[in-house]
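Colleague: One structure coming up, written as structure tokens, with questions to follow.
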Amino acid sequence: MNSVKVEDTKLFKKVLGCLAIGAIGDNLGRPVENWHYKDIEARYGRLEDPWAGVKGGDSGFEVGTDDTALGQILCHCYIDKGRPLLVEDYGEYWLKEMNPLKFFFCLRNTYELLKMGYTARVTGIFNIVTGSGLMAINPVGIFNAGDPDRAYVDGVNLASIVQRDLDMFIPGVISAAIAEAFRPGATCDSVIETAIRVAPSKPIITFDKRDPNNLQDTLIQAVEVASKYDDVFSAREGLYEKCLQYAAIDPQEVFALTFGIFKASKGDTKMAVIGGANIGRDADTISSLNGQLCGALNGVDSAPKEWMDGLKKCSGWNKFYETAVKMTELVIARHKQRENRVNEINELL
């Protein structure tokens, strides 16, 4: 390993893929956030070019939305601390790096509470549940590559900074799915099976009646619906019929549509990202999450070349790339540390 450059490893290609293709999906779905899929079809036919609305491909690294920006903050926190994170660590980095005006109201509320001196361990209690916890939790899956159970625990913990209950547990499941995607031999189905295994089966605590009323059944239903279709476009009608909860976007819905599209795409990177954008609703997040899952599963080379070429034209690309390198180095160092600890325990057996 010492003679191999980090950027030449399969691990780096997965880390960069998870971050970069997630950012691309974020940008592809951005113009149609909150749209119905039929309105997208009527206006655009099919959205397939993530850079169509970016002049010259150079708008800073603010191509995409708050999803990408928040994920970078979490990466930087991991890189600085070099260990599993406390939610207080994450809060420290919100205050250090976040421009609250670029984020939705619930995230701004958390930021203001942190400024006032509230601990990050309680700030999520004071927020409405919106889905902001799940949209940029992928660094947790990266840090815990190959260890979905620990990723689930860490994802729930860190998401509590901004949300409670429903949108704490969903980020845990997504973190676990991404951690599984890093495992050698992982497949689309093994990622979904891992997500189902860790998803809570207890009833969701909300002020309304839910159907399904727990996250495990929500995921099972979405995957069963998607399994009936041959492609991401034909799956949309069935997923809308079974997975939408409200007129407004809801995290349980985002969770279901994300894994429904992932299943319908059979883990194909291009189709999963395009499917996530063209399903509408919280299109930027659904497309981004599919990019994160597929990037971790298939690596950065699975993205169309023109997608990556557009990303590389952004003025923030060098810093983004450096973050991916450092996250990879962190994962390698952590696994070496764990290997040493296993060897120490073996001496006691």
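The values are calculated or read from the model by the stated rules, or taken from the named source; none is laboratory data. Since this is a predicted model, take the numbers as computed values, not measurements. Note that each Cβ is placed from the backbone with ideal geometry, even for glycine, and that neighbours are counted across all protein chains shown.
Colleague: Let me confirm something: among 162, 191, which residue is buried (at least 21 other Cβ atoms within 10 Å of the Cβ) and not in a helix (DSSP H, G or I)?
Modeller: Numbers: 191 fails: not in a helix (DSSP H, G or I).
Matching residue, one of 162, 191: 162.
Colleague: Still on this model: Scan the range 294-314 and report the pairs whose first residue is free of Cβ contacts under 8 Å to residues at least 40 places away in the same chain and more than 8 Å from residue 17 (Cα to Cα) and whose second residue is buried (at least 24 other Cβ atoms within 10 Å of the Cβ) and not small (Gly, Ala, Ser), with Cβ atoms within less than 6 Å and a gap of 6+ or a chain change.
Modeller: Close Cβ pairs satisfying both conditions: none exist.
Colleague: Another question, if that's okay. Do the conditions hold for residue 186, that is, is it closer than 25 Å to residue 84 by Cα and part of a helix (DSSP H, G or I)? Even if it seems obvious, please write down each step before you answer.
Modeller: Details: closer than 25 Å to residue 84 by Cα: yes; part of a helix (DSSP H, G or I): no.
No, not satisfied.
Colleague: Determine if the range 206-217 includes at least one residue that is among the aliphatic types (A, V, I, L, M) and closer than 22 Å to residue 288 by Cα. Give the derivation first.
Modeller: In the first step, residues of the range 206-217 are kept if they are among the aliphatic types (A, V, I, L, M); the result is 215.
If we keep only those that are closer than 22 Å to residue 288 by Cα too, we end up with 215.
Yes, because at least one residue in the range 206-217 is among the aliphatic types (A, V, I, L, M) and closer than 22 Å to residue 288 by Cα.
Colleague: Of the residues that sit in the range 206-239 and are modelled with pLDDT under 95 and of a type in the set (S, T, N, Q), which one is farthest from residue 41 (Cα to Cα)? Lay out the reasoning, then the answer.
Modeller: First pass over the range 206-239, keeping only residues modelled with pLDDT under 95: 206-213, 230.
Applying the additional criterion that residues be of a type in the set (S, T, N, Q) yields 206, 213.
Details: 206: 33, 213: 31 Å.
Among those that are modelled with pLDDT under 95 and of a type in the set (S, T, N, Q), it is 206.
Colleague: Oh, and also: Report whether or not residue 109 is closer than 23 Å to residue 288 by Cα and surrounded by fewer than 21 Cβ atoms within 10 Å (Cβ to Cβ).
Modeller: On the way: closer than 23 Å to residue 288 by Cα: no; surrounded by fewer than 21 Cβ atoms within 10 Å (Cβ to Cβ): yes.
The answer is no for residue 109.
Colleague: Restricting attention to the range 73-106, which residues are buried (at least 20 other Cβ atoms within 10 Å of the Cβ) and among the small types (Gly, Ala, Ser)?
Modeller: The one that is buried (at least 20 other Cβ atoms within 10 Å of the Cβ) and among the small types (Gly, Ala, Ser): 91.
Colleague: Being small (Gly, Ala, Ser) and out of contact with any Asp or Glu (no Cβ under 8 Å at 6 or more places or on another chain) is the filter here, so list the residues in the range 104-137 that pass it.
Modeller: First, pick out the residues of the range 104-137 that are small (Gly, Ala, Ser): 117, 120, 124, 131-133, 136.
Selection gives 117, 124.
Colleague: Just give me the residues in the range 1-32 being surrounded by fewer than 24 Cβ atoms within 10 Å (Cβ to Cβ) and either free of Cβ contacts under 8 Å to residues at least 24 places away in the same chain or charged (D, E, K, R) (or both), in sequence order. So that I can check it myself, show each step before the final result.
Modeller: Narrowing the range 1-32 to residues surrounded by fewer than 24 Cβ atoms within 10 Å (Cβ to Cβ): 1-13, 30-32.
If the condition is that a residue be surrounded by fewer than 24 Cβ atoms within 10 Å (Cβ to Cβ) and either free of Cβ contacts under 8 Å to residues at least 24 places away in the same chain or charged (D, E, K, R) (or both), then 2, 3, 4, 5, 7, 8, 10, 13, 30, 31 are the ones that fit.
Colleague: Looking at the range 309-326, can you tell me whether even one residue there is within 26 Å of residue 222 (Cβ to Cβ), of a type outside the set (S, T, N, Q) and either touching a strand residue (DSSP E or B) at 6+ places or on another chain (Cβ under 6 Å) or not in a helix (DSSP H, G or I) (or both)? Quick ask: steps written out before the conclusion?
Modeller: As a first pass, look at the range 309-326 and keep what is within 26 Å of residue 222 (Cβ to Cβ): none.
The answer is no; no qualifying residue exists.
Colleague: Here are the criteria: (1) touching a Phe, Trp or Tyr at 6+ places or on another chain (Cβ under 9 Å); (2) farther than 29 Å from residue 331 by Cα; (3) not small (Gly, Ala, Ser). Tell me which single one residue 213 does not satisfy.
Modeller: In the conditions (1) touching a Phe, Trp or Tyr at 6+ places or on another chain (Cβ under 9 Å); (2) farther than 29 Å from residue 331 by Cα; (3) not small (Gly, Ala, Ser), residue 213 misses (1) alone.
Colleague: Those residues that are small (Gly, Ala, Ser) and either at pLDDT below 95 or within 21 Å of residue 267 (Cβ to Cβ) (or both), I need them from the range 17-44; list them, please. Break it down into steps so the answer makes sense when it comes.
Modeller: Step one: of the range 17-44, the residues small (Gly, Ala, Ser) are 17, 20, 22-23, 25, 29, 42.
Residues satisfying the conditions are 17, 20, 22, 23, 25, 29.
Colleague: Which numbered condition trips up residue 176, out of (1) surrounded by 21 or more Cβ atoms within 10 Å (Cβ to Cβ); (2) touching a residue at least 60 places away in the same chain (Cβ under 8 Å)?
Modeller: (2)
Colleague: For the range 232-257, which positions are touching a residue at least 40 places away in the same chain (Cβ under 8 Å) and not charged (D, E, K, R)?
Modeller: 232, 233, 235, 239, 240, 249, 251, 252, 254, 255
Colleague: Next question, about the same structure. Report the residue count in the range 263-287 for those that are in contact (Cβ under 8 Å) with a residue 40 or more places away in the chain, assigned to a helix (DSSP H, G or I), surrounded by 24 or more Cβ atoms within 10 Å (Cβ to Cβ) and aliphatic (A, V, I, L, M).
Modeller: 6
Colleague: Please go through the range 112-128 and pick out each residue that is surrounded by fewer than 21 Cβ atoms within 10 Å (Cβ to Cβ), assigned to a loop (DSSP other than H, G, I, E, B) and either touching a residue at least 40 places away in the same chain (Cβ under 8 Å) or among the charged types (D, E, K, R) (or both).
Modeller: 121, the sole residue that qualifies.
Colleague: Here's another thing I want to ask about it. Could you check how many residues of the range 194-215 are over 18 Å from residue 297 (Cβ atoms) and assigned to a helix (DSSP H, G or I)? Show your work before the answer.
Modeller: To start, the set of residues in the range 194-215 that are over 18 Å from residue 297 (Cβ atoms) comprises 199-215.
Going one step further and asking which of them are assigned to a helix (DSSP H, G or I), we end up with 215.
Residues flagged as over 18 Å from residue 297 (Cβ atoms) and assigned to a helix (DSSP H, G or I) within the range 194-215 amount to 1.
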